[in-house]
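To start, the structure itself, in C-alpha cells.
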Amino acid sequence: MSITLRQLEIFIAVAETAQVTKASKKLFVTQSAVSMALAELENQLGGSLFDRHGRSLLLNTRGRYLLPLAKDITAQVSSIETIMSERNDTLVGQINVVASSALGNYILPYLIGAFKKAHPKVMINMLVYNTKIAESMVLEGSCDIGFVEGEIGSREILIRPWFKDELVVLAAPSDPLANNEVFDVAEDMKNSRWIMRESGSGTAAIFRSKMKDYLDEVNIVMEMGHPEAVKRAVESGVGIACLSALTICREVENGWLKSLKVVGVDMKRQLYVISRKDMQMSDALAEFLAFCDVMSSCDEENVCLSSPWKLQSLLARHSGGKKRG
C-alpha cells in the first residue's frame with residue numbers, strides 16, 4: 001500500500017502537537033483514526049517515527065528526517081489544487097458593452113460592479129448611446145453585446161428578451177396632474193405639454209408606438225438627448241414627460257417628481273440583449289450574460305432597480321435560490 005496524503009497530514013499534526021488527542025481535535029477526526037493512520041505509516045516506512053513518553057509523542061531521528069519532506073509534499077499538493085482551482089474558476093478577458101440610456105445609466109453600472117467583485121480579472125467597458133447607435137456598434141463589431149430598449153431592424157442581430165419595464169408619466173410637484181395617481185390618456189392628453197427624448201431613442205420610439213392613436217394630440221414643446229435632462233426640465237415645470245420607471249426611482253422617493261401610471265394604454269415594454277449572430281462568445285461573456293439574467297426574475301412591481309441596495313437584495317435572493325436549487 002502506498003503512503004497517502006492523509007497519513008502525512010496526520011503525521012505532521014502529531015509532530016506539531018505531540019499528542020494523538022490534540023492532533024485529532026486539530027484535524028476533526030477521531031483519536032482511533034489518528035492512531036491507525038500513524039501505525040500504518042510507520043509500518044510502511046519500516047520503523048517508528050516517534051519516541052513515546054507517557055501520553056506525549058516526540059519525534060525520533062527518523063521522524064525528524066521525514067517532517068520537512070512531509071510538509072513539502074503537502075504544500076506542493078495544496079499549491080497544485082490552488083492553481084488548478086484558479087484556472088477553473090477565475091475568468092479573464094474583456095467585454096465591450098453598449099447600452100441605451102435607461103439601462104446604461106441606471107441598471108448596468110450596478111450589475112457590472114457586482115460582477116466585477118466576483119470576477120475581478122474580467123475587464124468590462126461600457127458605452128451609452130441610444131438604441132439605433134447601439135445596434136450599429138454591435139453590427140460593426142466595436143461592441144460585443146448591447147442592452148437596448150427599442151426595436152432592432154437588422155437580421156444579422158441575435159435578439160434575446162431580457163426583462164420588462166414600464167413607461168410612466170412624470171410631472172412636477174407643482175403641476176396640477178401631480179394631484180392625480182394616474183394619467184388617463186383619454187382625459188389628460190389634452191392641453192398637456194410634452195418633453196420628449198430625441199429621435200432614435202428607444203423610449204421615444206416606444207412612446208410613439210404606444211400612443212399611436214393619440215399622436216395628433218401630443219403637444220411636443222422640447223426634445224432632449226438624456227433622461228437626466230428630461231427630468232430636470234419636468235422639475236422646472238416646462239411640461240410632462242414619459243420615461244422608464246427604472247430612471248426615476250430616486251426623484252419620486254425624494255418628492256422631486258410625481259410618477260403617474262398610465263391608464264388607457266399598456267405602457268409595458270420588453271428590454272433586450274443584442275449581439276451578432278455570427279459572434280463567437282467567450283467564457284467571460286457567457287458568464288456575464290448568465291449573471292445579468294438575474295434581472296429576468298424581477299417581478300412587474302419591482303421597478304426601482306436603479307437603487308443599488310434594492311438591486312443587491314435581488315441579487316442576494318437570486319444567489320440564495322441557486323444555492324438551494
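The values are calculated or read from the model by the stated rules, or taken from the named source; none is laboratory data. Since the model is a prediction, treat every value here as computed from it, not as a measurement. Glycine also receives a Cβ, built like all others from the backbone with ideal geometry; neighbour counts cover every protein chain displayed. Quick note on the areas: whole protein, heavy atoms, side chains included, nothing else; ligands and nucleic acids left out. Shrake-Rupley method; radii C 1.70, N 1.55, O 1.52, S 1.80 Å.
The table below lists the values:
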| read-out | value |
| --- | --- |
| All positions within segment 13-25 that are closer than 20 Å to residue 3 by Cβ and touching a residue at least 12 places away in the same chain (Cβ under 8 Å) | 13, 14, 15, 20, 23 |
| Filter result for residue 225 (small (Gly, Ala, Ser) and over 30 Å from residue 141 (Cβ atoms)) | no |
| Whichever residue in segment 130-159 is touching a Leu at 6+ places or on another chain (Cβ under 8 Å) and open to solvent by 20 Å² or more (accessible area, probe 1.4 Å) and, among such residues, is modelled with the lowest pLDDT | 154 |
| Matching residues in segment 118-129 - criterion: being in contact with a Leu (Cβ under 6 Å, 6 or more places away or on another chain) and of a type in the set (Val, Ile, Thr) | 122 |
| Residue count for segment 87-108, restricted to those that are closer than 17 Å to residue 147 by Cα and without any contact (Cβ under 8 Å) to a residue 12 or more places away in the chain | 0 |
| Leading residue by the ranking (most open to solvent (accessible area, probe 1.4 Å)) among those in segment 258-291 that are assigned to a helix (DSSP H, G or I) and in contact (Cβ under 8 Å) with a residue 24 or more places away in the chain | 283 |
| Count - residues of segment 167-212 that are open to solvent by less than 10 Å² (accessible area, probe 1.4 Å) and part of a helix (DSSP H, G or I) | 5 |
| Selected residue (only one of 215, 177, 243 is closer than 28 Å to residue 98 by Cα, of a type in the set (A, V, I, L, M) and modelled with pLDDT under 95) | 243 |
| Odd one out for residue 299, checked against (1) modelled with pLDDT under 85; (2) surrounded by fewer than 16 Cβ atoms within 10 Å (Cβ to Cβ); (3) in contact with a helix residue (DSSP H, G or I) (Cβ under 8 Å, 6 or more places away or on another chain) | (3) |
| Residues that are of a type in the set (A, V, I, L, M) and part of a strand (DSSP E or B), drawn from segment 213-257 | 220, 221, 222, 224, 240, 241, 243 |
| Number of positions in segment 111-129 that are among the β-branched types (Val, Ile, Thr) and either open to solvent by 40 Å² or more (accessible area, probe 1.4 Å) or closer than 18 Å to residue 226 by Cα (or both) | 1 |
| Test: residue in segment 68-81 that is modelled with pLDDT of 90 or more, open to solvent by less than 60 Å² (accessible area, probe 1.4 Å) and either under 16 Å from residue 20 (Cβ atoms) or part of a helix (DSSP H, G or I) (or both) | yes |
| Residues satisfying the stated conditions in segment 16-60, i.e. part of a helix (DSSP H, G or I), hydrophobic (A, V, I, L, M, F, W, C) and either open to solvent by 60 Å² or more (accessible area, probe 1.4 Å) or over 18 Å from residue 77 (Cβ atoms) (or both) | 20, 23, 33, 34, 36, 38, 39, 45 |
